[in-house]
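Values quoted throughout were computed directly from the atomic coordinates according to the rules given, and no laboratory measurement underlies them. These numbers were taken from a predicted model, which means no experiment stands behind them. Glycine gets a Cβ as well: all are built from the backbone with ideal geometry, and neighbour counts include every protein chain shown.
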């Protein structure tokens, strides 16, 4: 049986073009969706990778901070130990200086002089005493001048009086103490005290 196409060829071509357009549109939508999905997955992967890198960097920074803290603690411990060593050395030097001071003080006292008081302020020693004569005081000053542990003797006051028919001179003498060790640094003492307290 012979088939006869009764549709207009223009209508048929129009339908064919419409179907072709729909197919192309569907293919375009599918391609766009695929590109969007691919971009989304790539972006998500990049974000996750960056997050992992950030976490790794944070971990490394935390480890470095911990090492810096340990180094600072070691430096502080070192400073405390050095401070304690300086304090001990100064105390030992002070003990030696005290021995030299009193030993030389005894050696410089001539006969005929009695000491009543000794007072030290800074490196200046103030000596008060009684002498049988002014010559004894002059001899005392001379011995201070010759001493390697004292310097700059200076007679501040001399007062002559008579007691039991004997004349005596009450005097005040100042001399510089060369045996005096340097005063320990208060900061060093505090650091040593803190260190010692922390180790108890």
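What the table shows:
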{"read-out": "Estimated distance in nm for a label pair at residue 85 and residue 22, the labels positioned 7 Å out from Cα along Cα-to-Cβ", "value": "9.5 nm"}
{"read-out": "Sorted by Cβ neighbour density within 10 Å, fewest at the top, the residues 149, 16", "value": "16, 149"}
{"read-out": "Length released on extending from residue 70 to residue 30, taking residue separation times 0.36 nm less the Cα-Cα span", "value": "8.4 nm"}
{"read-out": "Stokes-Einstein D in µm²/s, Kirkwood radius over Cα pairs - the stretch 112-177 at 20 °C with 1.002 mPa s viscosity", "value": "178 µm²/s"}
{"read-out": "Nitroxide proxy distance, nm - points 7 Å out along Cα→Cβ at residue 63 and residue 51", "value": "2.3 nm"}
{"read-out": "Descending Cα extents along the principal axes, the stretch 25-115, whole Å", "value": "131, 14, 11"}
{"read-out": "Net length gained if the chain between residue 43 and residue 152 were fully extended (0.36 nm per residue, minus Cα distance)", "value": "30.4 nm"}
